[in-house]
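See below for the structure under consideration.
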Amino acid sequence: MEENKTGLMAGAAQVEITPEDSQFLGGYPHVERYSTGVHDALWASAIYLSDGETELILIGNDILFVPNELCNGVRQRIEAGTGIPASNILISATHTHSGPMTVNNLSNLRDETVPPADPSYLQLMEDRVVEAALKAVGSKQPARLGLAVADATGIGTNRRDPKGPSDMEMPVLLIQSADGSRNLAAMLVCCMHPTVMHEDSTLVSGDFPGMARIFLQEQILGKECVVLHHTGPAGNQSPRHVTQANTFEEAVRLGELLGRAVERVIPNIEFSDQVALGAMRGFIELPVRKFPKVEDAERMQQAAKKKLARLREDGAPQTEIRTAEVDWFGTEKALTLARAAADRLLDEVARSVMPAEIQIFSIGKWRFVAWPGEVFIEYGLKVKERLPNTFVISLANGTLQGYISTPEAIAAGGYEAFSGIFSPESGQMLVDKTLEIMPPVDPCPVKLGAHRAVTPIARTDQPWWMPHHQSVLKRVAQGHVDLVMIGDSIIFGFNNSGKAMWEKYYAPRNALNLGFSGDRTEYVLWRLEHGELDGISPKLAVVLIGTNNSNGDEYTTEQIADGIKAIVCTIQTRLPETKVLILAIFPRGDAAQRDAEKQTASFNAQWAKNQQASELASKIADGKMIHYLDINDVFLNGKDELTREIMPDLLHLHEKGYQLWAEAMEPTIAKLMGEQPIKLS
């Protein structure tokens, strides 16, 4: 996409979709649950974006599901009113279980307590979702936006196994007026079921996403800031294992936890008014699942009911009882679906929600993939693994009449596995189709394995090397790292000759030293691929590497540069929010100058090779996430010579050299980390 020359335009609006009369609250079976009041309002929240060429509308709704028919109607009306095509309009549900029933799920067919969706409420909702979108477009103004990834740890866990797969990375898109004086809108994607409130509550509520919105508007972003909440893949995610009770107090607590997570990353957001936008989509037919015979489904239902009764009699933990209870709900649904399959009703309902739409919006370098249905987290993680800077929004642009489970979950049974009408292959099909629509793009201009300098390999010639790597992993596991210094013995030297500078400039920044004596680019690549960046989120990574590759004639200048670029790409892939600062390889004496014990080293072939490699590597810098800095002149005397006062062996720095380095780099370090420079000595 070409850079936008006119600047970003954005608008936002929210319109209340709280029911005006008593409505059946959807989400829990076998309970006659009509609303008796309103705890907090439900909203349709809309964001409009334009880069001068492409227009996007994103709408999040505090509701259980957005029905396919309603979604189509809303899109048609918005397109008629604005000219924005349906393909560029994303409509999602937060999936609150304390809002009106909006979809007639086949699995509820035989549940006499669950009524059909109320057409009058569906019409109210459609009208107001359209109103929110039109108001957002009508409020457009010059704007800027930025994105950071918050840590939502504590909001919930894997529903089945608290230690099982989950995704606590929560993208936070913040849109401001062009001058930065006002927050116009914020968009979050949180991979968690909003089910703090259970079937015993009869008050309308947005659950914890609604509480997060209230907290953010009242405490952080301003009351006029529209907060749009999407739910990511959360089919097997739940707050069940982190809540102390199913109360509004707990929903408020989790909402504030989410809001605080947003607050923490706002200072890290870099804003721009030049943001390229894009939209694409595709469609896929998903295979209908094969259900057991009716008599087999009946046996499963009875077994689940007996298990629940036994756990209650034995006084089992409440979380275990709740899991068994929803499993019983699931077998009830499975029995209904087995009967529907026998009556050929299942195929008819499946056709009504096919084909499934896959929608992809790009906002700058970030991508948001929208899938319908309740999808297990494993499939969202697969997309993120293949497409860096990509986040999946579920429950978008329609429904899939239940869960998209993994084959393992289907085999194990349980509520989610019993409650879907499509086969377990469907999740992988969604992933594959997404990658077909937007194939992974290798951001690195060099291919790993192309030559020695870019082929990751562990060093085996030094017995200390692997134990040192293991000790680094222990430090990495402790987390709390804001700055990483990556390289060879020159970086490692901050533990010795440069220790005073480390304590002054880098220890206060929670820095991690990843310098290994003698390392070449290929050794660094291996270390980064084997855990040295895992689980940390530094603001900045400084890279100084390559001088050991320049010894002899084993590597060309181009190969050394490739090695540096590959390291930078590896950092970006593993830490997309981390800025990278490439340092030009330091000047050095060649072998003859060092062996002759000359007091100075003048420009030589190896020095030139390093300089050329650095200049080639600098081409990868974009001035945004990747930066380049050449401070080499500070090490030279008035004759452009390197002296042993700075580098005693014409390669490694003395205390004075580390001081010159730290002081020369400090303004850039501070700027890239968003801090005030530490005063020079």
Two-decimal Rg/Rh across region 399-557, once Rg and the Kirkwood Rh are taken from alpha-carbon atoms: 1.15
Size descriptor, Kirkwood hydrodynamic radius, that averages inverse alpha-carbon separations across region 642-681, Å: 11.0 Å
Among the aspartates and glutamates, select those whose C-alpha is under 13 Å from the C-alpha of K671, and discard any that sit fewer than 8 residues away in the same chain. E270
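Rounded to a whole number, what % of the accessible area of region 588-681 do carbon and sulfur atoms account for, probe 1.4 Å?
Details: 2510 of 4960 Å².
That share works out to 51 percent.
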Using Cα-Cα distances under 8 Å and only pairs 6 or more residues apart, what relative contact order does region 50-193 have, in percent? 19 percent
Averaged per residue, what accessible area in Å² does region 1-67 show with a 1.4 Å probe, protein chains only? 36 Å²
Do any GluC sites (Glu not before Pro) in region 83-149 lie in a loop, going by DSSP, with at most 12 other beta-carbon atoms within 10 Å of their beta carbon, and if so which? E112
Starting from 0 in steps of 20 Å, tell me what percent of the Cα-Cα pairs of the chain lands in each bin. 17, 44, 28, 10, 1
At q = 0.13, 0.30 Å⁻¹, what is the log10 ratio I(q)/I(0) for region 587-636, with the Debye formula run over Cα points and no solvent? -0.40, -1.13
Rg and Dmax of region 551-636, using alpha carbons, in Å: what are they? 14.7, 46
Rg/Rh for region 598-680 to two decimals, with Rh computed the Kirkwood way over all alpha-carbon pairs. 1.01
Only Cα pairs under 8 Å and at least 6 apart count here; give the relative contact order of region 437-537 as a rounded whole percent. 37 percent
With all protein chains present, how much of the accessible area of region 477-567 (probe radius 1.4 Å) comes from carbon and sulfur, to the nearest whole percent? 43 percent
How large are Rg and Dmax for region 148-303 when calculated on the C-alpha trace, in angstrom? 19.3, 67
How high is the relative contact order of the chain, in percent, with contacts defined as C-alpha pairs under 8 Å that are six or more residues apart? 11 percent
Label region 233-281 by shape, choosing from rounded, prolate and oblate, from the square roots a ≥ b ≥ c of the eigenvalues of the Cα gyration tensor; if a/c is under 1.5 it is rounded, and otherwise prolate applies when a/b is larger than b/c, oblate when it is not. oblate
Given charges of +1 on the Cβ of Lys and Arg and -1 on the Cβ of Asp and Glu, with all other atoms neutral, how large is the dipole of region 537-669 about its Cα centre, in debye to the nearest 20? 380 debye
Over region 287-342, consider all pairs of different Cα atoms and compute the Kirkwood hydrodynamic radius from their mean reciprocal separation; express it in Å, one decimal. 11.8 Å
Per residue, how big is the convex hull of region 229-374 when only Cα atoms are used? Give it in Å³. 150 Å³
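Using the Cα centre as the reference, give the magnitude of the dipole from point charges on the C-beta atoms of the chain (Lys, Arg: +1; Asp, Glu: -1; all else neutral), rounded to the nearest 20 debye.
760 debye
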Using the eigenvalues of the Cα gyration tensor, what equivalent ellipsoid semi-axes result for region 1-107 when each is taken as the square root of five times the eigenvalue, whole Å, largest first? 33, 15, 11
Considering only protein heavy atoms and a 1.4 Å probe, what is the carbon-and-sulfur percentage of the accessible area of region 369-457? 58 percent
Listed by chain and number, the lysines with an alpha carbon less than 20 angstrom from that of K290, same-chain partners under 8 positions apart left out, are K333
Overall dimensions of region 427-515 as given by Cα atoms, namely Rg and Dmax in Å: 18.9, 56
Filter the trypsin sites (Lys or Arg not before Pro) in region 297-370 to those in DSSP coil with at most 11 other Cβ atoms within 10 Å of their Cβ, and list the result. R344
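Do the alpha carbons of any pairs in K504/K539; K135/K579; K433/K624; K539/K565; K474/K499 sit beyond 27 Å of each other, and which pairs? Spell out each step's value before the answer.
Numbers: K504/K539 18 Å; K135/K579 37 Å; K433/K624 31 Å; K539/K565 19 Å; K474/K499 21 Å.
The answer is K135/K579; K433/K624.
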Ranking request for peptides 283-293, 467-477: highest mean number of other beta-carbon atoms within 10 Å first, then the rest in descending order. 283-293, 467-477
Please state the Cα pair-distance histogram of region 86-189 with 10 angstrom bins from zero: what percent is in each bin? 10, 26, 29, 26, 7, 1
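Roughly speaking, what is the stretch gain from H530 to K447, that is 0.36 nm per residue apart minus the C-alpha to C-alpha distance, in nm to one decimal? Don't skip to the end; give the middle numbers.
Details: separation 83, 0.36 × 83 = 29.88 nm, distance 1.82 nm.
Additional length available on full extension: 28.1 nm.
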When only alpha-carbon atoms count, how far does region 372-475 stretch along each of its three principal axes, as whole angstroms with the largest first? 58, 32, 22
So what are the three principal axis dimensions of region 248-334 from its Cα atoms, in whole Å, longest to shortest? 61, 42, 17
Taking every DSSP beta bridge with both residues inside the chain, roughly what % is antiparallel (nearest 5)? 60 percent
Probe of 1.4 angstrom, ligands and nucleic acids ignored: what's the accessible area per residue over region 344-449, in square angstrom? 35 Å²
Region 257-331 accessible area per residue, 1.4 Å probe, protein heavy atoms, integer Å², reads 56 Å²
Two-site label geometry, R594 and E558: point separation in nm, points 7 Å out along Cα→Cβ: 2.7 nm
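The values are calculated or read from the model by the stated rules, or taken from the named source; none is laboratory data. For clarity, every value in this text was computed on a predicted model and none was experimentally measured. Heads up, the Cβs are rebuilt from the backbone with ideal geometry, glycines too, and the neighbour counts pull from every protein chain shown. For accessibility, only protein heavy atoms count, side chains too; no ligands or nucleic acids. Shrake-Rupley method; radii C 1.70, N 1.55, O 1.52, S 1.80 Å.
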